[in-house]
């Protein structure tokens, strides 16, 4: 199992553009054995803090890689540019049993 944390900063289209774009892209996850574990807007309003955080899970690294290489991403390139100013991605296959 691979877990992915994605920190997103909204682009010039604002949060509504971010949401519209993510609704499209996240709908593809099941095709690749992926799912949204949780997604939320952090309370912090500090400069540089993310506008949205996603925690995703994939069955394997290969499944994640195939999702990331899906050609539909290219078709939405301009929409993504309006929706997302910055993305920070953290990937791990190690879970700690706290």
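The values are calculated or read from the model by the stated rules, or taken from the named source; none is laboratory data. All values derive from a computational prediction rather than experimental measurement. Methodologically, a virtual Cβ is constructed for each residue, glycine included, from the backbone with ideal geometry; neighbour enumeration extends over all protein chains shown.
Is at least one residue of the range 14-25 within 17 Å of residue 92 (Cβ to Cβ), touching a strand residue (DSSP E or B) at 6+ places or on another chain (Cβ under 9 Å) and either at pLDDT below 95 or not in a helix (DSSP H, G or I) (or both)?
No, the range 14-25 has no match at all.
When the residues of the range 56-98 are narrowed to those that are closer than 18 Å to residue 13 by Cα and touching a helix residue (DSSP H, G or I) at 6+ places or on another chain (Cβ under 7 Å), which ends up surrounded by the fewest Cβ atoms within 10 Å (Cβ to Cβ)?
Among those that are closer than 18 Å to residue 13 by Cα and touching a helix residue (DSSP H, G or I) at 6+ places or on another chain (Cβ under 7 Å), it is 76.
Out of the range 78-97, which residues are without any contact (Cβ under 8 Å) to a residue 12 or more places away in the chain and assigned to a loop (DSSP other than H, G, I, E, B)?
The answer is 94, 96, 97.
Evaluate the range 59-77: report whether one residue or more is outside any helix (DSSP H, G or I), within 17 Å of residue 90 (Cα to Cα), over 15 Å from the mean Cα position of the chain (by Cα) and touching a residue at least 40 places away in the same chain (Cβ under 8 Å).
Scanning the range 59-77 turns up at least one residue that is outside any helix (DSSP H, G or I), within 17 Å of residue 90 (Cα to Cα), over 15 Å from the mean Cα position of the chain (by Cα) and touching a residue at least 40 places away in the same chain (Cβ under 8 Å).
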